[in-house]
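Peer 1: This is the structure I have questions about; it appears just below.
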Amino acid sequence: MNGDKFKYDFMRYNRYFVLRANILLFLILCYLCKDIFLIMGVGATAFKSKGGDVSDIMVLVSPIFFISDLPAIAVTYALSARQPNAGIFPRRIWKNGRFLLSLSACLHLFLLGLKIKWELDVMGWIQWLVVVIDIAIVIYINLSEFIKDLFSEFPSLENKTKLG
């Protein structure tokens, strides 16, 4: 390193001198891709003879919700491809990552509203929890200075040549 001042603790940077994703971003990505996990979980309980009551979760399991997973899956792909030799596609996804994550959460809220036909009085506690989490994600993604800085950085080819 050439003595540049870092905005954050130097341990928050990776070997390409760009910010590392924090644990909260990983949790957000897992949450926004939850429909894949829900389908697998509900499918697994269907094969058990003594499956518990999953009726509250069943309202959340619908193939239509996979649409809301797509932007988060794209950001997950860009995160995994965040290297100096990455092409233009992951760079563009990463540049628009905050928008894509917000889109994923808002799209999930919209699809949930369609599924329950906008009748809020039929929502159970799990659905309300999902609404609160989706709103909290949108607020965090758009107001966090760290997240803004994280999505503004992508390793450049210069960083690759500096490392050898």
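The values are calculated or read from the model by the stated rules, or taken from the named source; none is laboratory data. For clarity, every value in this text was computed on a predicted model and none was experimentally measured. Heads up, the Cβs are rebuilt from the backbone with ideal geometry, glycines too, and the neighbour counts pull from every protein chain shown.
Peer 1: Counting only residues that are farther than 16 Å from Y31 by Cβ and assigned to a helix (DSSP H, G or I), how many does region 71-97 have?
Peer 2: 11
Peer 1: Of the residues that make up region 14-21, is at least one among the hydroxyl-bearing types (S, T, Y), under 28 Å from I139 (Cβ atoms) and at pLDDT 70 or above?
Peer 2: Scanning region 14-21, I find no residue that is among the hydroxyl-bearing types (S, T, Y), under 28 Å from I139 (Cβ atoms) and at pLDDT 70 or above, so the answer is no.
Peer 1: If you don't mind, another one. Which members of region 113-161 meet the condition of being small (G, A, S) and either part of a helix (DSSP H, G or I) or closer than 21 Å to L79 by Cα (or both)?
Peer 2: Across region 113-161, the qualifying residues are G113, A136, S144, S152, S156.
Peer 1: Taking L38, is it of a type outside the set (V, I, T), at pLDDT below 85 and assigned to a helix (DSSP H, G or I)?
Peer 2: Yes, satisfied.
Peer 1: Test each condition in (1) out of contact with any helix residue (DSSP H, G or I) (no Cβ under 7 Å at 6 or more places or on another chain); (2) modelled with pLDDT of 95 or more; (3) not β-branched (V, I, T) for A86 and report the one that comes out false.
Peer 2: Here A86 meets the rest and fails (2).
Peer 1: Evaluate the following for F89: is it among the aromatic types (F, W, Y) and in contact (Cβ under 8 Å) with a residue 24 or more places away in the chain?
Peer 2: Considered against the rule, which asks whether it is among the aromatic types (F, W, Y) and in contact (Cβ under 8 Å) with a residue 24 or more places away in the chain, F89 comes out as no.
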